Amino acid sequence: MASTSGSPGSTGAPDAATADIGRLLLRCPDSHGIIAAVSAFLAEAGGNIISLDQHSTAPEDGTFVQRAIFHLPGLPAAIDGLRERFSATVADRFAMDYRFAEAAKPKRVAIMASRTDHCLLDLLWRNRRGELEMNVAMVISNHPDLAEQVRPFGVPFFHIPATRDIRSEAEQRQLQLLCGNVDLVVLARYMQIISGEFIETLGCPLINIHHSFLPAFIGAAPYQRARERGVKLIGATAHYVTEVLDEGPIIEQDVVRVDHTHSVTDLMRLGADVERAVLSRAVQWHCQDRVLRVAGETVVF
């Protein structure tokens, strides 16, 4: 068994190059023998572990999380049986939440945006260059403004008007497009509140991006107010979406230093740069099955 420690910054491209590379992510109460049981199961199934990362939140009574990358000849045909045997012989024994994934099957992703284009176009551009392990199934927007910019990427664009007054109707139309068709929804500066009912019905994770001024500079002109207060750092946060607005588990953050010479326009430009980078990293790590939720936070392997 070869063992290496992957980092969130790596691209993971070699893993996705073959259909016989699998990923196993698990979370459970920490106890004696978990690593041995998982390793023995994969070995007995004919798999070779090529990367193994794990973490426990406490020396005693903690939560254990693990990400294993393994090679198993004929994985696409074997993966359903692998799940069933793992559930019966390992997962039930340790009360695990777990999932198997094939590295060669990119996640199906929908992107939702409003009028601001920088995060949306950056994701589409990176995906077209092969930098993100995903297939973009569609773009949904509550405004028609970005349709022509999306068209060259060959991605279906759906305009579904959404305001506070028609939110329920708009979300039902969105869910008709999304449910069962995507593995992840990315809110690339989608400027509408997402209801708890939408999140529950959707059945897959959502990732959001926002500037890190929250909650100090909320509202329509955060960069103007930040400039007036003389901020020295601006940044961005990518997080999973929950029913509580902007308080979901954080996946990635970054900042850039600024000073008194930067205008509001400068701050907006630098903020957009950070948002693009942070969102693309968060989406990539999720698509590479690197992120595990533990209570209200995440572990990113």
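Residues in the stretch 250-300 that are among the hydrophobic types (A, V, I, L, M, F, W, C) and open to solvent by 20 Å² or more (accessible area, probe 1.4 Å): how many? Give the steps one after another, and end with the answer.
Narrowing the stretch 250-300 to residues among the hydrophobic types (A, V, I, L, M, F, W, C): 250-251, 255-256, 258, 264, 267-268, 270, 272, 274, 277-279, 282-283, 285, 287, 291-292, 294-295, 299-300.
The next check asks that each one be open to solvent by 20 Å² or more (accessible area, probe 1.4 Å); those that pass are 250, 255-256, 264, 268, 270, 277, 285, 295, 299-300.
Qualifying residue count, the stretch 250-300: 11.
Based on what the data block shows, is residue 164 basic (Lys, Arg) and either in a loop (DSSP other than H, G, I, E, B) or under 20 Å from the mean Cα position of the chain (by Cα) (or both)?
Details: basic (Lys, Arg): yes; either in a loop (DSSP other than H, G, I, E, B) or under 20 Å from the mean Cα position of the chain (by Cα) (or both): yes.
Considered against the rule, which asks whether it is basic (Lys, Arg) and either in a loop (DSSP other than H, G, I, E, B) or under 20 Å from the mean Cα position of the chain (by Cα) (or both), residue 164 comes out as yes.
So, of the residues in the stretch 210-267 that are small (Gly, Ala, Ser) and in contact with a helix residue (DSSP H, G or I) (Cβ under 7 Å, 6 or more places away or on another chain), which turns out to be nearest to residue 198 (Cα to Cα)? Give the derivation first.
If we filter the stretch 210-267 for residues that are small (Gly, Ala, Ser), which is where we start, we get 212, 216, 219-221, 226, 230, 235-236, 238, 248, 263.
Filter once more, keeping what is in contact with a helix residue (DSSP H, G or I) (Cβ under 7 Å, 6 or more places away or on another chain): 226, 235-236, 238.
Details: 226: 32, 235: 28, 236: 25, 238: 19 Å.
The qualifying residue nearest to residue 198 (Cα to Cα) is 238.
Is there a residue in the stretch 96-103 that is among the aliphatic types (A, V, I, L, M), open to solvent by less than 80 Å² (accessible area, probe 1.4 Å), within 14 Å of residue 37 (Cβ to Cβ) and not in a strand (DSSP E or B)? Steps first, answer last, please.
Narrowing the stretch 96-103 to residues among the aliphatic types (A, V, I, L, M): 96, 101, 103.
If we keep only those that are open to solvent by less than 80 Å² (accessible area, probe 1.4 Å) too, we end up with 96, 101, 103.
Checking which are within 14 Å of residue 37 (Cβ to Cβ) leaves us with 96.
If we keep only those that are not in a strand (DSSP E or B) as well, we get 96.
Taking every residue of the stretch 96-103 in turn, at least one turns out to be among the aliphatic types (A, V, I, L, M), open to solvent by less than 80 Å² (accessible area, probe 1.4 Å), within 14 Å of residue 37 (Cβ to Cβ) and not in a strand (DSSP E or B).
Please tell me if residue 296 is at pLDDT below 95 and under 19 Å from residue 25 (Cα atoms).
Numbers: at pLDDT below 95: yes; under 19 Å from residue 25 (Cα atoms): yes.
The answer is yes for residue 296.
Among the residues of the stretch 167-192 satisfying the criterion of being in contact (Cβ under 8 Å) with a residue 24 or more places away in the chain and in a helix (DSSP H, G or I), which is farthest from residue 112 (Cα to Cα)?
So the residue we want is 168.
So, of the residues in the stretch 29-45 that are closer than 27 Å to residue 133 by Cα and touching a helix residue (DSSP H, G or I) at 6+ places or on another chain (Cβ under 8 Å), which turns out to be most open to solvent (accessible area, probe 1.4 Å)?
Result: 45.
The values are calculated or read from the model by the stated rules, or taken from the named source; none is laboratory data. Every value quoted in this text rests on a predicted model; they were computed, and no experiment measured them. We place every Cβ from the backbone using ideal geometry, glycine too, and count neighbours over all the protein chains shown. Ligands, DNA and RNA are excluded from the accessible area calculation, which covers all protein heavy atoms including side chains. Shrake-Rupley method; radii C 1.70, N 1.55, O 1.52, S 1.80 Å.
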